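We did not get these values from a lab; they are worked out from the coordinates using the rules stated. Given the structure is predicted, the values throughout are model-derived calculations rather than measurements. We place every Cβ from the backbone using ideal geometry, glycine too, and count neighbours over all the protein chains shown.
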Amino acid sequence: MGEINNTVCDYLGLPGYYADFWNGTVFRGKRKINIWQLQRHDREYYKPKNKKGKTGNVRRDVQMYCKGKKDVLLGVEVMATLDYTIPVKVMDYNVQELQRQIKDIRQRNQEEKKDKAGVYLYGFRKTDKLLPVHTIGLYCGEESYDGPQGIMDMMDVEDMGKDIRNLLKDYRVKIYNLKDLEEENYETSLREIIAIFKRSKDREAMKKYYLEHKERFRELDEISIDTMGVLIGKRRLKLFPQEEGGLDMCKAFEDERAEGERIGHEKGAFAILSSLVKEGILKLEDAAKRMNMSEELFRNKMQELQ
């Protein structure tokens, strides 16, 4: 997972923003989901051995339990780059979630010592029910997602006979482009994030939107600013005018950029000095002093680079 994926997932992982995302994206601004209905439902699923013989778990990007008259699990898979396997990936995640539920039900039934009649042979009774799970995709690229939105789109069925083709069942996954979402449908900072992302290629349009809505921008919290910066490139935030009072978006990201540059310079200087020490050109004691480090710390960092 890259920086964009991690940042967007962290942002949507907050119930208030998650509710607004579903209301604005799926329900086009209608308030169908409230924050109090949502609860984080992070899950990892077992991943079988790959060609290299390695195993591990896979984690959903964002998934929440939504309480209502009928409860449901709502998931979002975030794409920072084009992934044309996303329909299969989403289907696999959903199936693994249902398999996890079956396992939990079997365990619960065993603990309750239910009757082991024929209908209960596999630990799952006819009356047992699974919690529905629905997952959508969110593509955060600057272009539009142009790939398959269903399993059938990925299959070669063009010349297949009608009778055989009718036997095949599709599995559709709705995939939304971040740049195509309508910011007016959102109530939280998603409105500003989407609006600026859509205008990030147009310097004047981005500044104009900011100036027209600067009171809302002043109220953005840290995670919203960080998410916006990662999506559009933090250097572009310098386009926003400095404002007294409220939240100074420019200063926040300039400080972060300066800190990143400082760390980068320090790493470069250390690499050069450690190389001189290894070649016997410079004493370790002198190199450590130039980096304001103890000899022991300098030596340990040299070993880490080896």
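Pairwise Cα distances in region 3-187 exceed 23 Å in 54 percent of cases.
Given a cut-off of 22 Å, name the pairs among 174/234; 179/234; 67/179; 70/169; 103/126; 69/89 whose C-alpha atoms lie farther apart than that in the structure shown. Violating the 22 Å Cα-Cα cut-off are 174/234; 67/179; 70/169; 69/89. Working note: Karplus 6.51/-1.76/1.60 with θ = phi - 60° gives region 17-33 the couplings 6, 5, 4, 5, 4, 5, 5, x, 8, 7, 9, 6, x, 7, 7, 8, 10 Hz, where Gly and Pro are set to x. Out of residues 5 or more away from residue 32 or on other chains, whose amide H comes under 5 Å of its own, with H placed 1.01 Å from N in the peptide plane? Hits under the 5 Å cutoff: none.
Positive contributions from Lys and Arg (+1) and negative ones from Asp and Glu (-1), summed over other residues with Cβ under 9 Å from the Cβ of residue 149, come out at +1. Taking trypsin sites (Lys or Arg not before Pro) across region 155-203, the ones in a DSSP loop with at most 14 further Cβ atoms lying within 10 angstrom of their Cβ are 169, 174, 201. Scanning residues 5 or more positions from residue 136 or on other chains, those with amide H under 5 Å from its amide H are 75, 76, 77, with H placed 1.01 Å from N in the peptide plane.
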